Amino acid sequence: MIDRVVPIVEGRGEVPSIRILLQRLMAEVNIHHVTIAPPDRNSRSSLLKPQYLERVVDRAAESAGENGAILILIDSDRDRPCVLGPTLLTRAKAARPDRRIMVALAEIEFETWFIAAAESLRGCSRLPQTLSRPSHFESIRGAKEWLTKQIEGSHQYKPTTSQAALTARMDLELARRHSASFRRFCTRFRELLA
């Protein structure tokens, strides 16, 4: 059983959000002994470069320790998750076969998971009380922009100030029900903990 998770993320907003999300998921299965390390933030484009991901994974492996695991979470953007995810996992495991490693890709963007659970975010971070998930939401390119359009007044969605609050508030079951990529993320994380 693992005792520490070292997240590797791409966005500034994910730095506080990933810890909140992982702690909420662990609480669902009554796991409280696993430490979430400070996330290692790197740009998506850097992580896709040859040898860069391997260096980041090696650094994370040292931080994770012998009983730790590494969790890599990036946006799929325009890439197909079913292709990019396994490619990144193969590279990461080749770099550190001695550590448990998980790779997850949010369908298009992390914020797409918020849209999947839109109704549970009504009134949070200036989102309207009438907020609803649009049909075909996983095909929205620019989930951040979609959230900004929903915000009342002249305010904008800013990952660095809003993402953690939305992560803490979103209904996880609603997000799982409507987002295949979030459902996969949750399933893989539970498998990583086992």
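The values are calculated or read from the model by the stated rules, or taken from the named source; none is laboratory data. Worth saying up front: this structure is predicted, and the values here are computed from it rather than measured. Here the Cβ positions follow ideal geometry from the backbone for every residue, glycine too, while neighbour counts run over all protein chains shown. All accessible areas refer to the heavy atoms of the entire protein, side chains included, with ligands and DNA or RNA removed. Shrake-Rupley method; radii C 1.70, N 1.55, O 1.52, S 1.80 Å.
Determine the calculated [θ] at 222 nm for the chain from helices alone, applying -39500 (n - 2.57) to every DSSP H run no shorter than 4 residues and normalising by the residue count; nearest 500 deg cm²/dmol.
Details: 9 runs with 94 residues, N = 194.
Value at 222 nm, helices only, nearest 500: -14500 deg cm²/dmol.
In square angstrom, what is the accessible area per residue of the stretch 42-166 with a 1.4 angstrom probe?
Details: 5990 Å² over 125 residues.
In whole numbers, the stretch 42-166 has 48 Å² accessible per residue.
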Segment Glu66-Lys93, length gained on full extension (0.36 nm per residue, minus Cα span) = 8.3 nm
message = Using a 7 Å offset from the Cα along the Cα-to-Cβ direction at both Thr187 and Cys124, what is the distance between the two label points in nm, to one decimal?
response = 2.4
note = Here the percent of antiparallel bridges among DSSP beta bridges lying wholly in the chain, to the nearest 5, is 0
key: Span-like helix ranges in the chain, DSSP H, alpha carbon extent 24 angstrom or more, Kyte mean at least -0.5   = none
inquiry  = Just want the answer: with Cβ charges of +1 for Lys and Arg and -1 for Asp and Glu, which residue in Ala94, Ala180, Leu84 is farthest toward the dipole's positive end in the chain?
reply    = Leu84
Dipole in debye (nearest 20) - the stretch 84-156, about Cα centre, beta carbon charges: Lys, Arg +1; Asp, Glu -1 = 360
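What's the extension gain from Thr35 to Arg12 if we count 0.36 nm per residue and subtract their Cα-Cα distance?
Details: separation 23, 0.36 × 23 = 8.28 nm, distance 2.04 nm.
Additional length available on full extension: 6.2 nm.
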request  = Give the residue from Leu193, Ala37, Val56 lying farthest towards the positive end of the charge dipole for the chain; charges sit on Cβ (+1 for Lys and Arg, -1 for Asp and Glu) and the dipole is referred to the Cα centre.
outcome  = Val56
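Could you tell me what percent of the accessible area of the chain is made up of carbon and sulfur, with a 1.4 Å probe and every protein chain present?
On the way: 4420 of 9150 Å².
Ligands and nucleic acids excluded, carbon and sulfur reach 48 percent.
Using 0.36 nm times the number of residues separating Leu48 and Ala27, minus their current alpha carbon distance, what extension gain do you get? Don't skip to the end; give the middle numbers.
Details: separation 21, 0.36 × 21 = 7.56 nm, distance 3.20 nm.
Stretched fully, the Leu48-Ala27 segment lengthens by 4.4 nm.
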